[in-house]
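Everything below concerns the one structure shown next.
The values are calculated or read from the model by the stated rules, or taken from the named source; none is laboratory data. This structure is a prediction, so every number in the text was calculated from the model and none was measured. When we count neighbours, we look across all protein chains shown, and the Cβ atoms used for this are built from the backbone with ideal geometry, even at glycine.
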Amino acid sequence: MTKPVSPPDRTEAQQGEASDLFSKFDPMIELREGLLASGVKDPFSLVMERVISPTVAICNGRETILLGTYNYMGMTFDPDVIAAGKDALDRFGSGTTGSRVLNGTYIGHRQVEEALCEFYAMNQAMVFSTGYQANLGIIGTIAGKGDYVLLDIDSHASIWDGCKMGDAEVVPFKHNDIEAMEKRLRRIPEGAGKLVVLEGVYSMLGDIAPLKEMVGIAKAYGAMVLVDEAHSMGFIGPNGRGVAEDQGVLDQVDFIIGTFSKSVGTVGGFCVSNHPKFEIMRLVCRPYVFTASLPPSVVATAATSIRKLMQSSDKRDHLWGNSRTLHARLKLLGFQLGTENPQSAIISVVMPDLEHGAAMWEALLDEGLYVNLARPPATPAGMTLLRCSLCAEHSAEQVETIVGMFHRAGSKTGIIE
Ligand SMILES: Cc1ncc(COP(=O)(O)O)c(C=O)c1O
């Protein structure tokens, strides 16, 4: 038997003093308490009591227009999508209770992977239980110790966490800065494994990446390229394949990561690729192997939704119209926006500080409008943002109503004159 290890020597004052692992959260607790003490509602605990459509819910007992759901294509209430989910629930039960590599691959998982291959015109697709896990799994598995991951400083948390999991050298570069990316690529030791990770649309400001230039440079330096198209799938590009398609570089991208939790209208994540050895990922990718697969109803809704998104050019046109109108009208009212021009279905309104942001968020909710309040560390450059995500199901009248709500709430809180 091995001898028990004695605890390190402690001073008399330390004896019996319990360490509280929660103390690291004290600054966050103080910030939250301070905000709530000022009388505003908690912007991070809103409850949707009923959801009526992709654009309307009942919150705090009143009808509220939804402008912060990332439900870009409004597929959550599509009758064919709902019917497919109900049918799968009846025929396959409520859950798989297993990993994809054991008892958790049903015919529906295969069918949704086939739908993804068709949607992206790629050879291979792998479905994860969330988009977060897709980034964690793919990045964390392919980029290991001794490899290099170059990534935009504004990358999503799941991309950063994937880098941590794989233990590769992480080399961040300034947001959307082509020169900065190239400079860092140049410095990577000869022969080292290199992965460049980019996003099509950056969700905080709603701006798009210059993928045409960045992907070309990354390839010229011999790097593999992964593009997260979470916020562009279904909407951007002639076939809704995303920014890489729109900028004509999809065939140079090694891995596209996406999610079912935005345009597809359910939950789940995926990676599509033409890499000839991609299939091995199913055995070596821990966030794929060591978790239960998506329920049959979810994969059935996702497959139906993806197939419908292939024929949704009218909806895409309408959504672009909504985005242009809202961007122009908010700008005209005097709000500072995250982008000079509308680049995606996300329009971010920059708030002077967290207090004003929270007050504006509440004033909009009182008007009957829900948007997302975002603050550091999720936001770039310490900004507080009111993020608006438009939906193809928002009518022109709803967009007009939203503009009026912003006008009144902005005047009330002193954010605009
Ligand atoms: C860029 C990006 N990647 C990945 C994800 C994770 O997606 P999911 O909600 O499916 O976990 C998100 C979600 O917000 C995202 O914005």
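Can Met181 be described as crowded, with 24+ Cβ neighbours inside 10 Å and away from the ligand (no atom under 14 Å from the Cβ)?
yes
Can you find even one residue in the stretch 111-125 that is modelled with pLDDT of 95 or more, in the same structural domain as Asp228 (by TED's automatic domain parsing), within 16 Å of the ligand (Cβ to nearest atom) and part of a strand (DSSP E or B)? The answer is yes; a qualifying residue exists.
Quick grid of which residues meet (1) modelled with pLDDT under 95; (2) under 25 Å from His156 (Cβ atoms); (3) touching a Cys at 6+ places or on another chain (Cβ under 8 Å):
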site	(1), (2), (3)
Ser293	no, yes, no
Pro296	no, no, no
Ser323	no, yes, no
Gln336	no, yes, no
Pro342	no, yes, no
Ala363	no, no, no
Tyr370	no, yes, yes
Thr379	yes, yes, no
Cys388	no, yes, no
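Thr105 fulfils the conditions (1) farther than 20 Å from Val371 by Cβ; (2) polar (S, T, N, Q); (3) in the same structural domain as Glu393 (by TED's automatic domain parsing) except for a single criterion, (3). Taking first residues from the stretch 39-50 that are touching a residue at least 60 places away in the same chain (Cβ under 8 Å) and partners that are aromatic (Phe, Trp, Tyr) and part of a strand (DSSP E or B), the Cβ contacts under 8 Å between residues at least 6 apart in sequence or on separate chains come to Leu46/Tyr370.
The criterion of at least 2 residues that are without any contact (Cβ under 8 Å) to a residue 40 or more places away in the chain is met by the following strands (runs of 3 or more DSSP E) wholly inside the stretch 167-242: 169-173, 224-228. Quick one: in the stretch 267-278, of everything that is in a loop (DSSP other than H, G, I, E, B) and surrounded by fewer than 24 Cβ atoms within 10 Å (Cβ to Cβ), which residue is nearest to the ligand (Cβ to nearest atom)? Among them, the one singled out is Val267. The set of residues in the stretch 339-372 being in contact with a Ser or Thr (Cβ under 6 Å, 6 or more places away or on another chain) and surrounded by 23 or more Cβ atoms within 10 Å (Cβ to Cβ) consists of Ala345, Ile346, Met351, Gly357, Met360. For the stretch 77-100, filtered to residues that are touching a Pro at 6+ places or on another chain (Cβ under 8 Å) and farther than 9 Å from Thr301 by Cα, the residue that is surrounded by the fewest Cβ atoms within 10 Å (Cβ to Cβ) is Ser94.
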